[in-house]
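Peer 1: Questions regarding the structure given below will be posed in turn.
The values are calculated or read from the model by the stated rules, or taken from the named source; none is laboratory data. Model, not experiment: these values are computed from the prediction. Note: ideal-geometry Cβ built from the backbone for every residue, glycine included; neighbour counts use all protein chains shown. With ligands, DNA and RNA removed, areas are computed over all heavy atoms of the protein, side chains included. Shrake-Rupley method; radii C 1.70, N 1.55, O 1.52, S 1.80 Å.
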Amino acid sequence: MARGGRDRASTFGRIEGFAMKIMSGNSNLPLARAIAGYLELPLTDASVRRFADEEIFVEIHENVRGEDVFVVQPTSYPANDNLMELLICIDALRRASAKRITAVVPYFGYARQDRKPGPRTPISAKLVANLMTEAGADRVLSVDLHAGQIQGFFDIPTDNLFAAPVMAADIQARYGDQALMVVSPDVGGVVRARALAKRLDNAPLAIVDKRRDKPGQSEVMNIIGDVKGRACILIDDIIDSGGTLCNAAQALMDEGASSVTAYITHGVLSGAAVSRVSNSALKELVITDSIQTTDAAKESDRIRELTIAPLIGEAIRRIADESSVSSLFD
Ligand code: R5P
């Protein structure tokens with residue numbers, strides 16, 4: 001049976017004895033394996049497969065009665081299938097009498113639908129939170145939620161990890177000798193950018209302010225802050241079509257930045273995003289493995305991946321151990 005129980009060293013310090021199980025859906029097996037590897041556990045023996053009509057079927061092949069189980073399943077593309085897999089995994093675990101079930105959802109799909117943009121529209125992020133809870137999740141663990149308030153959509157404990165320490169270490173190693181400027185690609189991302197800047201010895205901050213004076217007029221990008229001669233680090237939670245980032249990178253280069261590199265937690269990269277990035281003013285796009293990287297992204301010499309498996313693994317270890325998760329970010 002897959003259990004820990006030894007004392008050993010970890011990236012984040014000493015690991016004492018613990019007991020837990022790590023199970024995975026199909027949405028990001030490499031990440032789940034890496035998390036299990038960090039915790040020196042095998043993945044729980046389970047199969048998550050499809051019937052001929054595409055219905056999902058889950059079977060857990062080992063005893064989980066009374067166990068503390070963590071199900072790793074980002075709800076990325078195809079969001080609906082991956083969400084349904086997660087819900088069915090949770091249901092299977094609940095009916096198999098797991099003691100506690102934590103939904104580990106490094107990328108929380110539907111998070112951008114966190115408010116009503118107009119009359120008669122849904123708040124789908126809240127609906128998804130309800131579904132996870134109703135399926136039987138006791139806790140949720142996510143990374144860089146689109147908006148921190150989404151934690152409040154759950155009435156169960158929800159930990160929101162930040163990829164910033166992993167990004168800051170990489171930025172220091174690669175760009176630490178340059179005159180840095182941390183840039184938020186929009187006004188909404190300033191808090192995230194400021195937090196990263198603080199980790200980079202209080203690097204200065206700039207903001208891309210997008211304005212469309214009248215409907216139908218093209219968007220104007222104003223840069224708040226002097227980026228001339230600076231190695232700009234654009235930070236955001238999501239790159240989807242790539243439009244926000246590539247336009248911001250061009251605007252920064254036009255203002256005299258020496259280079260623009262983007263650090264983005266969730267590489268959604270839909271449609272033509274990879275080729276848009278490859279043809280953009282970006283020196284490099286750095287994403288994490290919260291979502292399984294597509295072959296097209298892996299092949300692009302402009303896109304690099306950082307792993308957050310040790311970060312998530314350590315948070316899981318601390319949850320199982322009932323020790324502080326927030327101190328990971330001190
Ligand atoms: C928006 O609020 C998010 O933080 C991202 O800026 C956005 O989702 C990126 O989308 P796209 O890559 O399609 O411009």
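Peer 1: Residue separation times 0.36 nm, minus the C-alpha to C-alpha distance between Ala272 and Thr307: what's the value? Walk me through the intermediate numbers first.
Peer 2: Details: separation 35, 0.36 × 35 = 12.60 nm, distance 2.38 nm.
Gain on stretching Ala272 to Thr307: 10.2 nm.
Peer 1: What nm distance separates the two modelled labels at Asp295 and Arg65, each placed 7 Å from Cα along Cα→Cβ?
Peer 2: Rounded to a tenth, the inter-label distance reads 4.5 nm.
Peer 1: Let me ask you something else. Would you mind calculating the relative contact order of the chain from Cα pairs under 8 angstrom and at least 6 residues apart, reporting the percent as a whole number? Could you put the intermediate results ahead of the total?
Peer 2: Working: 677 pairs, mean separation 44.6, N = 330.
Worked out over the chain, it gives 14 percent.
Peer 1: What are the equivalent ellipsoid semi-axes of the chain, built from the alpha-carbon gyration tensor (square roots of five times its eigenvalues), in whole angstrom, biggest first? Walk me through the intermediate numbers first.
Peer 2: Working: eigenvalues 255, 105, 61 Å².
Value: 36, 23, 18 Å, ordered largest first.
Peer 1: Where the centroid of each part is defined by its Cα atoms, how far is segment 165-191 from segment 239-284 in Å?
Peer 2: Segment 165-191 and segment 239-284 have Cα centres separated by 14 Å.
Peer 1: Could you order Leu93, Leu29 by accessible surface area, starting with the largest, using a probe radius of 1.4 Å? Display every interim value, and only then the final one.
Peer 2: Details: Leu93 0, Leu29 50 Å².
Heavy-atom accessible area, descending, gives Leu29, Leu93.
Peer 1: Provide the convex hull volume over Cα atoms per residue for segment 200-322, in Å³.
Peer 2: Spread over its residues, the Cα hull of segment 200-322 gives 150 Å³ apiece.
Peer 1: Restricting to Cα pairs below 8 Å that are 6+ residues apart, what does the relative contact order work out to for segment 202-244? Please round to a whole percent. All intermediate terms of the calculation are to be shown ahead of the outcome.
Peer 2: Working: 29 pairs, mean separation 13.3, N = 43.
Result for segment 202-244 is 31 percent.
Peer 1: Can I ask one more? Which residues make up the longest stretch of the chain that has no GluC sites (Glu not before Pro) in a DSSP loop with at most 11 other Cβ atoms within 10 Å? Working shown, then result.
Peer 2: Working: sites that count: Glu54, Glu55, Glu219, Glu322.
Counting at most 11 other Cβ atoms within 10 Å as exposed, the longest clean stretch of the chain is 56-218.
Peer 1: Now, a different point. If you project the alpha carbons of segment 158-236 onto the principal axes, what extent comes out on each, in Å, largest first?
Peer 2: That works out to 42, 40, 16 Å along the principal axes.
Peer 1: Output wanted: per-residue J couplings in Hz (rounded whole) for segment 225-232, from phi through Karplus 6.51 cos²θ - 1.76 cosθ + 1.60, θ = phi - 60°, x for Gly and Pro.
Peer 2: With the stated coefficients, segment 225-232 comes to x, 9, 9, 4, x, 9, 7, 8 Hz.
Peer 1: Taking just the alpha carbons, could you work out the radius of gyration and Dmax for segment 28-109, both in angstroms?
Peer 2: Rg and Dmax of segment 28-109, Cα atoms, are 12.5, 37 Å.
Peer 1: On a straight-distance basis, which lysines could pair with Lys116 in a cross-link, Cα separation under 29 angstrom, same-chain partners fewer than 8 positions away excluded?
Peer 2: Lys126, Lys210, Lys214
Peer 1: Between Asp254 and Glu54, what is the label-to-label distance in nm when each label sits 7 Å out along the Cα-to-Cβ direction?
Peer 2: Between Asp254 and Glu54, the label points sit 4.2 nm apart.
Peer 1: Could you please state how large a percent of the accessible area of the chain is carbon and sulfur, counting protein chains only and using a 1.4 Å probe? Can you show the working numbers first?
Peer 2: Values: 7170 of 14930 Å².
Here carbon and sulfur together make up 48 percent of the probe-accessible area.
Peer 1: What number comes out for the charge environment of Leu31, summing +1 per Lys or Arg and -1 per Asp or Glu over other residues with Cβ under 12 Å away?
Peer 2: Numbers: positive: Arg33; negative: Asp289, Glu305.
Spelling it out: positives minus negatives among the neighbours equals -1.
Peer 1: Hey, another quick one. What figure in square angstrom, to the nearest 10, would you give for the accessible area of His146 with a 1.4 Å probe?
Peer 2: 70 Å²
Peer 1: When Lys and Arg each count +1 and Asp and Glu each count -1, what net charge do the other residues less than 10 Å away from Arg100, Cβ to Cβ, add up to?
Peer 2: On the way: positive: Lys99, Arg139; negative: Glu67, Asp68, Asp138.
Local charge sum for Arg100: -1.
Peer 1: Enumerate the aspartates and glutamates that Lys228 could reach by cross-link, defined here as Cα to Cα under 16 Å, with residues fewer than 8 away along the same chain left out.
Peer 2: List returned: Asp254, Glu255.
Peer 1: So which aspartates and glutamates can Lys99 reach, going by Cα to Cα under 15 Å and dropping same-chain residues fewer than 8 places off?
Peer 2: Correct list for Lys99: Glu62, Glu67, Asp68, Asp91, Asp138, Asp321, Glu322.
Peer 1: Trypsin sites (Lys or Arg not before Pro), restricted to segment 171-278: which are DSSP loop and have at most 16 other Cβ atoms within 10 Å?
Peer 2: Numbers: sites: Arg174, Arg192, Arg194, Lys198, Arg199, Lys210, Arg211, Arg212, Lys228, Arg230, Arg276; in loops: Arg212, Lys228, Arg230.
Of the trypsin sites (Lys or Arg not before Pro), the ones in loops of segment 171-278 whose Cβ has at most 16 other Cβ atoms within 10 Å are Arg212, Lys228.
Peer 1: Using a Gaussian network model of the chain whose springs link C-alpha atoms within less than 10 Å, name the residue from Gln149, Gln292, Gln113 with the highest mean-square fluctuation.
Peer 2: Fluctuation is largest for Gln149.
Peer 1: Also, I was wondering about something else. Using modelled amide H (1.01 Å from N, peptide plane; none on Pro or chain starts), what sits under 5 Å from the amide H of Ser270, excluding residues fewer than 5 places away?
Peer 2: Those lying under 5 Å, H to H, from Ser270 are Ser241.
Peer 1: Further question on the same structure: Determine how large the accessible area of Thr294 is when every protein chain is in place; take a 1.4 Å probe and give Å² rounded to the nearest 10.
Peer 2: Accessible surface of Thr294 is approximately 70 Å².
Peer 1: Which length gain, in nm to one decimal place, applies between Asp155 and Asn80 when the Cα-Cα distance is subtracted from 0.36 nm times their residue separation? Provide the component values of the computation, followed by the final result.
Peer 2: Working: separation 75, 0.36 × 75 = 27.00 nm, distance 2.24 nm.
Net length gain for the segment: 24.8 nm.
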